[in-house]
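Enquirer: After the structure tokens below, expect a handful of questions from me.
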Amino acid sequence: CSSDLWARNNQSALIRIPTVKAGKPDSTRIEYRAADAACNPYLAFSVLLAAGLRGIEHNYELDDEVSNDIFEMSAAERRTAGIRRLPETLAQALDEMEKSDLVNEALGDHVFDWFIRNKHEEWDRYQQHVSRFELERFLPIL
């Protein structure tokens, strides 16, 4: 998932709230489709819950449900529809996270500061790593 959209039955939406099965009101669920399998679920759900509560408390207006498959839309169509892309790198995600009072409040100063510092170190180490692709692609031309 690459954009900040919601839908009931659209697999390309960031947040999916599937239609409730007839006669099974307890089957309601929310799917957050951008979390990586390596994420800390406790931190992720803490921030998701805080965001949801803030939206309720401040009566945030919900954007319209997306019905188009965004993976089939051109870049121009996504821009026209106001569809924003999520950060594509850890560095971009950290830049957005550092601007967020909500995330800081949800995690607390200690965890927030530790997380940001730790992930910046992780990104720095990743940037210094030479990948197999780079070796195979560029070493022969040296």
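Enquirer: Find how many whole Å separate the alpha carbon centroid of region 122-142 from the alpha carbon centroid of region 15-46.
Expert: 36
Enquirer: Take the alpha carbon gyration tensor of region 87-142, find the square roots of its eigenvalues, order them as a ≥ b ≥ c, and report rounded if a/c is under 1.5; if not, report prolate when a/b exceeds b/c, else oblate.
Expert: Note, shape of region 87-142 comes out prolate.
Enquirer: Give, as a single signed number, the net charge of other residues whose beta carbon lies under 14 Å from the beta carbon of Val20, with Lys and Arg counted +1 and Asp and Glu -1.
Expert: Details: positive: Arg8, Arg16, Lys21, Lys24, Arg29; negative: Asp26, Glu31.
Counting the neighbours of Val20, the net charge comes to +3.
Enquirer: Around Asp109, under 14 Å between beta carbons, what's the net of Lys plus Arg minus Asp minus Glu among the other residues? If you can, show how the numbers build up before the last one.
Expert: Numbers: positive: Arg117; negative: Glu98, Asp101, Glu105, Asp113.
Local charge sum for Asp109: -3.
Enquirer: Relative to the present Cα-Cα distance, how much length would full extension add between Glu61 and Tyr126 at 0.36 nm per residue of separation?
Expert: Full extension of this stretch gives 19.6 nm more.
Enquirer: Same structure again: Expressed as a fraction of 2.2 N^0.38 Å, the rule-of-thumb size for a compact globular protein of N residues, what is the C-alpha radius of gyration of the chain? Write down the numbers at each step before the final one.
Expert: On the way: Rg = 18.8 Å, N = 142, 2.2 N^0.38 = 14.5 Å.
Its radius of gyration relative to the 2.2 N^0.38 Å reference: 1.30.
Enquirer: Within a Cβ distance under 15 Å of Gly82, other residues only, what is the Lys/Arg minus Asp/Glu net charge?
Expert: So the surrounding residues net to -2.
Enquirer: Quick one: longest stretch of the chain between exposed loop GluC sites (Glu not before Pro), exposed meaning at most 11 other C-beta atoms within 10 Å and loop per DSSP? Please report the intermediate quantities before stating the final value.
Expert: Working: sites that count: Glu61, Glu88.
The segment 1-60 is the longest one with no such site.
Enquirer: Mean projection of the alpha-carbon convex hull of region 8-59 over all orientations, in nm²? The partial results should precede the final answer.
Expert: Working: hull surface 18.9 nm².
Average projection, Cα convex hull of region 8-59: 4.7 nm².
Enquirer: Here is a further query. Using DSSP loop states and a limit of at most 16 other Cβ atoms within 10 Å to flag trypsin sites (Lys or Arg not before Pro), what is the longest stretch of the chain containing no flagged site?
Expert: Numbers: sites that count: Arg8, Lys21, Arg29, Arg33, Arg84, Lys99.
Here the longest run is 34-83.
Values in this text are rule-based calculations from the coordinates and carry no lab data. Since the model is a prediction, treat every value here as computed from it, not as a measurement. Here the Cβ is made from the backbone with ideal geometry for all residues, glycine too, and neighbour counts use every protein chain on show.
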